[in-house]
1. Within the range C:505-522, take every residue that is among the polar types (S, T, N, Q) and assigned to a loop (DSSP other than H, G, I, E, B) and give me the one that is modelled with the highest pLDDT.
2. Quick check on residue A:63: is it modelled with pLDDT of 95 or more, in a strand (DSSP E or B), within 16 Å of ligand 1 (Cβ to nearest atom) and aliphatic (A, V, I, L, M)?
3. If you go through the range B:258-291, how many residues are away from chain C (no Cβ under 12 Å), of a type in the set (A, V, I, L, M, F, W, C) and either free of Cβ contacts under 8 Å to residues at least 60 places away in the same chain or loosely packed, with under 15 Cβ neighbours inside 10 Å (or both)?
4. Just the residues that are assigned to a loop (DSSP other than H, G, I, E, B) and on the phi < 0 side of the Ramachandran plot, please, taken from the range C:634-656.
5. Among the residues of the range C:23-34, is there at least one that is polar (S, T, N, Q), within 14 Å of chain A (Cβ to nearest Cβ) and touching a residue at least 40 places away in the same chain (Cβ under 8 Å)?
6. Of the conditions (1) away from ligand 2 (no atom under 16 Å from the Cβ); (2) more than 24 Å from the chain's Cα centre (by Cα); (3) facing chain A (nearest Cβ under 9 Å), residue B:42 clears all except one; give me its number.
7. Out of all the residues in the range A:13-29, is one or more within 16 Å of ligand 1 (Cβ to nearest atom), of a type outside the set (A, V, I, L, M, F, W, C) and within 14 Å of chain C (Cβ to nearest Cβ)?
8. When you check residue C:643 against the structure, is it in contact with a Ser or Thr (Cβ under 7 Å, 6 or more places away or on another chain) and more than 11 Å from chain B (Cβ to nearest Cβ), yes or no?
Amino acid sequence: MRRGSAVVKRFSFVLNGKPVEVEVPPAYTLLETLRNVLHLTGTKDGCGDGDCGACTVLLDGRAVHSCLTLMAQVEGRSVTTVEGLLRDSSPDEVQSAYAESGAVQCGYCTPGLIMATKALLMSNPNPSVEEVKEALRGNLCRCTGYAKILEAVLRVRR
Amino acid sequence: MLLYDIDVITPSSLDEALEILSSRKGRIKVVAGGTDLIIQMKDGIIPRRDLLNIYGLDELRYIKLDDNDMIRIGALTSFSEIASSETIRHYAKILADAASTIGSIQIMNKASIGGNIVNASPAADSLPPLYALGAVVRVASSRGSREVPIESFYRGYKKLDLAEDELVCEVRLRAMSDDEDGIFLKHGLRLGDAIAVVNAAIWVRRDSRSGLFSDARVALGAVAPTVVRARRCEQLIISKKLDEDSMWNAAKAVLESISPIDDVRGSAEYRREMSVNLVYMGLWELTHRSG
Amino acid sequence: MVQAQRWVGKPIPRRDALEKAIGQAKYASDLFPEGLLWGKVLRSKYPHARIKRIDVSKARSHPGVVAIFTHEDIPNNRYGPFNKDRPVLCDDKTRYIGDPIAVVAAETPEAAEEALGMIEVEYEPLPAVLDPLEAMKPESPKVHERGNIARQTHISFGNVEQAFREADIIVENTYTVGTQIHAYLETEAGISYFDENGRLTIVAGGQSPYRDRHEICSTLNIPEDSVRVVIPHVGGAFGGKDDISVQIHLALITLKTRRPARLVWTREESTIAGTKRHAGIIRMKTAARRDGVLLANKTEIIYDTGAYEGLGPAVLDVAIENCNGPYKIPNIDISATLVYTNNYVASAFRGFGAPQVLFAIESQLDAIAEQLNMDPIELRLRNALRRGDVGVFNNKLIGSVGIAKALEIAANHELWRERERYKSETARPWIRRGIGVASAVKGYTLGALPDKGQVGVELTREGKFRVRVSSTEIGQGVLTALAQVAADMLKCGVDDIQLVFADTLETPDTSVTSASRQLFLAGNALADAARKMLDKMRHVAAGLSGEPPEVFDFLDGYAISRDGKTRISYAGIARYMENNNIPLNVVGEYEVPRVEPIPGTLEIPHLFYMFAAALALVEVNTLTGFVQVRKLVVIPDAGKVINPQTFQGQIEGAAVQGIGYALMEEAKIENGILKTQNFSTYLIPSIKDAPEIEVIPVEDGEETGPFGAKGIGEIGIIPIAPAIANAIKDAVGVRPLSIPITPEKLYWLIRSKRSENGSQ
Ligand SMILES: Cc1cc2nc3c(=O)[nH]c(=O)nc-3n(C[C@H](O)[C@H](O)[C@H](O)COP(=O)(O)OP(=O)(O)OC[C@H]3O[C@@H](n4cnc5c(N)ncnc54)[C@H](O)[C@@H]3O)c2cc1C
Ligand code: FES
Ligand code: FES
């Protein structure tokens, strides 16, 4: 196994609407950068393997796993995290719907689910129950049994 | 193992990418969506190498239907794009169906068809449809480009007809016409995101007068080192009247083409049975459709 | 006590929900103290090996590495809630793959990880014992010096053998149940630092701050008042964070290096080193009379506790207590054994030993109903316990018993009444539908173990209340429910209740957050505190107004005299108390009533039980063995629902965990190696696997509970696996005796029946 010294590069991207620059190893994942470097911890780390969806962010408006996105792939793009949904510090309607419907228990899955929901509603404002389930099938929640999550999403569809 | 000591080089064009691949032959690894590669490198399954990040090469992201009724899909095209493309849904529906089962939406948004092809997992969901539709892969290097039929692209478990300086650029398929039909089947261990225990794709052409299948291709995944065609099974459904018995007989003939192994998702014996049963279910569906 | 309820019973959204939804709530894994060291744990590669040598010199000199610790750094290297059998860091031996050997503290995560690879451990592999039946044989390799039988007991009431001779039918089966992994989304995580007063502070995901503190202090040999344990928001626990995980390792790093530290397990580490639900073998022989009356049940329970006991002895008790289901059975005989093996450590998991045995007894009941050609619900009702009955241990059931009512609701449910219609609606010839029923029972509280908790209540100068509990918010919503209870008891708005939780410095010991009784215990202690507080306030109101104290009542933040003429705000009372140096805080206490344990047990019987019935509609693909649950109806006996939203959420969440347990969660262990270490191989249900779930509470009221509430956290999972198994039997005619009922297992079962019948 190779044990070189760290490679560090500078990356510029738009984070929650604001241009940012970070100096990190280019093969750091976006998740590592958000949490361990920028300490922006709304985005959660549930597995690091693309299996749980807790790390979901929007990359140029599409839901992706930040744990499977290299910093080099973020260069020049726009990233939205759960913190970026707040408008003048008031919650997005998806965030409110999750909170009010009882879709949040331990809440560790919640930011990822909210981002996946947001992406769904941006491309399909009036999804069917089946479409909601497809869109959220990669977001694991161990607490709620998903019933209230479904309810929350259906509450905000047009 | 963390990837902090891995350099990542991001070319701005396909030509530049091919240049770098040829000058650093074997010492650099392509990363497209990264959904296979990042995990494999972190887990030490593949050697640690610097990365050539082609994720931003939008010139490899397209779905086109050309004048010769050929569908051309750029290697970086994501499975979300494939699953939602009108062209694919209409002219290569089984590929769209397969695409929509790949991982989760987050995976589909990032995972590329080129990555699925080159990663060469025997369980890769796009491959049985590509086999069944007779796809052709176009690869390029700074030396030029060439085309390889999908079946000869694979020479064994993760052994490809792909040189170290070559990049997969495109997959090409013939658009299906109205007398053709097909089905994609995937048996996973849960309804959500799951890797296939066995997957299969069946393509048929219906003879308009007899209603029988005048041609057919059956491909199965996760049951051999590469995806396989079940040729004996194909013979048993071409120009035959299919009733319960003959469908079961044809389905059982897939056993001649497969050589599954035990793994964490299922035993070889179970995979054998699933291959037969999946193909039976597929034939049942196809024969019960009006056509 | 008749109490007006303004907040209890309302579906109030959890108070922490929005904070979590906007990404602001801080979990242990979200904390990065200034100047922190990154911790990493080196774990055993062998299921069973003698450690001959540990050489950390190379790793210690690796750039960025600050310290490496081994067993030599631990003054008292054994801990555990019942039996101190578990090392903080292995010394003589490793006993499972994942056993911790060394802890690294480094300046960067990279350095910490690299250092792990540089620690040299010389092992002498020992023969591993991985099968509990093998482990029970005297000649087997010993996991611990004391032998592999961690606990064994035999309990008998009546005379089963005679009953078997007199019975009309006897059903006998051996059931096997697999390991289940908690799979909470947040792995075990924490940080540590010295606070401004020089107190060693551990902020980590857990369930019981006082117990964690005790384990830290006893192993590291430091005084308890020099350590503070805080449990912030926890990303799921379900019993899995009841045991120590990162806490002692973190304390060790900070204690020795004087620097803050962070230790977060990876997902793989969590599945390996986190505790699990006990795998086991349950043999059951059940006898009944032709009319359906149960006569006898003989049970043999073997639970694999893995390398260490954890809470295993208590888990075994719960299995013993509930293996006869919620039924009157005059003759019972139970032998139960907790076995050490070199497998992964099993301890607490929602249901705590009950889901396994209920799967067995509820399958037995179904088989009896089938043989007697009797409706399965009718059979259960015929034998169901009712309030005032004497239970199988000769124990009088003084608490509420809602099982008969739950079963009646099930019997009248459309899904049951019209089950033939539901079953006929299938789309393909190879799809079969079935409907199954099951009951569940489990004691809540710690049974015959002493269990006492305290709650602090403080009146703030604004006239609001600060309630202090050491209960943890592990996602179950206990804090919101407590706020509702407090608001009704203290006669104020729910927003006037501020909760301080899970902090050994700031909150009194409200006992451990487990056994579904946190609301019950804390609620009752709160009632005591509220009584004391209102009494105090009444006297102040009297002093202020010159009227006698007894004329004062409380409403909406005011003390109001009976004639309504005098109204004094809580803020006014608070000001007066402050000005006159009357302490503004009280402590309430509650000790859970209990009885003496019956011989051979630790904590049996309980005085209080929770119950449930469930119906499941499943669809089986006979060509793949895949089962899809289409609908669940869960009917829990809730006592009283404090918050319908959190209540439903608890039941729905437990039900889907039950689906995972029943059908897909298979911890595959080969030669001591867990093959399913991540979420792509250890599958838990996704939103597509979750069916429609109807929750119908039975609200019979438990007078001893706050506002009549019972514990509800665990009961939802217990009836699910047997209801699904019984539905599968109904669908395809084969009875699964082993869970999880994975597609492959069920396929072979169906297949063997098909070849017996000689058909395709
Ligand atoms: C959670 C999860 C679920 C998944 N579920 C499924 C599933 O259900 N079905 C399925 O089939 N797959 C699944 N996958 C696997 C994966 O997503 C796919 O194989 C995906 O198509 C890979 O594409 P990528 O762009 O991410 O490739 P990368 O990971 O970037 O690359 C994969 C490999 O291909 C090489 N490569 C990529 N593009 C090219 C190119 N153009 N030319 C030459 N070499 C190239 C890389 O060097 C690498 O070796 C899953 C993965 C994850 C993490
Ligand atoms: S952390 Fe990215 S999918 Fe789990
Ligand atoms: S709320 Fe806990 S994982 Fe979803």
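The values are calculated or read from the model by the stated rules, or taken from the named source; none is laboratory data. Since the structure is predicted, the reported quantities are computational estimates derived from the model, not experimental observations. Glycine also receives a Cβ, built like all others from the backbone with ideal geometry; neighbour counts cover every protein chain displayed.
1. So, considering only residues that are among the polar types (S, T, N, Q) and assigned to a loop (DSSP other than H, G, I, E, B), the one modelled with the highest pLDDT is C:507.
2. yes
3. Looking only at that region, the number is 2.
4. Once the filter is applied, which keeps residues that are assigned to a loop (DSSP other than H, G, I, E, B) and on the phi < 0 side of the Ramachandran plot, the range C:634-656 yields C:638, C:640, C:641, C:642, C:643.
5. yes
6. (1)
7. Taking every residue of the range A:13-29 in turn, at least one turns out to be within 16 Å of ligand 1 (Cβ to nearest atom), of a type outside the set (A, V, I, L, M, F, W, C) and within 14 Å of chain C (Cβ to nearest Cβ).
8. The answer is yes for residue C:643.
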